[in-house]
Amino acid sequence: MATPTLVRGARASRSMITLKIVMAGSGLIFIAFTLLHMYGNLHAFAGEVAFNEYAEHLRTLGEPMLPYSGALWVIRILLIVSLVAHVYSAAKLWRRSNEARRVKYAVKKNVHSSLSSRTMRWGGITLLAFIIWHLLNFTIGKVNVTGGETNNPYQLVVDSFSTWWLTIIYLIAMAALGMHLHHGTWSAMQTLGFTTSPVARKRAKIAGWVVAVVIAGGFSLVPLFTLFGVITY
């Protein structure tokens, strides 16, 4: 007969595994979304007409089965649920990790950990703050810091990234995103069982770098080329 301690330990272990799976699954949803979102942003290089047509296409996606902007709201709800699940799982895992660490060391040894893994928590908080601002800037509030038009998506993008300090904030957020994606991709693949051999672990690390560079780098192109006057209104 199992003792109460063993039962509690088994339940805690299953709960930890569940939280890690939720984190991995929600993280993969965000990777897919950021990849598609980055692709959409690159339409700015094709000019105002192409960018605004893409923005309008997102609102008419799924018609007539879905109402105007219906698909966008489905995506938004999915992302909100994924964000809540991701943040909740991360907070619970961090709390349990602290509770399990009974002995505090005077010196922390991070020799075998990467910069992206050590900055995962603060990087996540930085990204959460940036997401709130990003929504206010381009979606919910449509804040044009130059005082220009807000109903023209292309002009809003150009006006925003023509402002140097806003572009710097955006690039800092993209650096945090890159590090978060780098370690997050590795962690997700490890949780889902794709790192069971040295070769698989090497591939997972490469995948983490590829995802980080492609997405964070792709997102950084539009603000940089706008700031330097290549993308103009």
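Give me the number: length gained by fully extending Ile75 to Arg121, i.e. 0.36 nm times residue separation minus the C-alpha to C-alpha distance, one decimal in nm. Don't jump to the answer; show the numbers that get you there.
Details: separation 46, 0.36 × 46 = 16.56 nm, distance 2.54 nm.
Length gained between Ile75 and Arg121: 14.0 nm.
If segment 158-233 were replaced by its equivalent ellipsoid, with semi-axes equal to the square roots of 5 times the Cα gyration tensor eigenvalues, what would those be, largest first, whole Å? Could you put the intermediate results ahead of the total?
Values: eigenvalues 229, 22, 10 Å².
So the three semi-axes of segment 158-233 are 34, 10, 7 Å.
Expressed as a whole number of Å, what is the distance separating the alpha-carbon centroids of segment 53-91 and segment 165-203?
Each part's Cα centre sits 23 Å from the other's.
No lab work stands behind these numbers, since they all come straight from the coordinates. As the structure is a computational prediction, the values presented were derived from the model and not from experiment.
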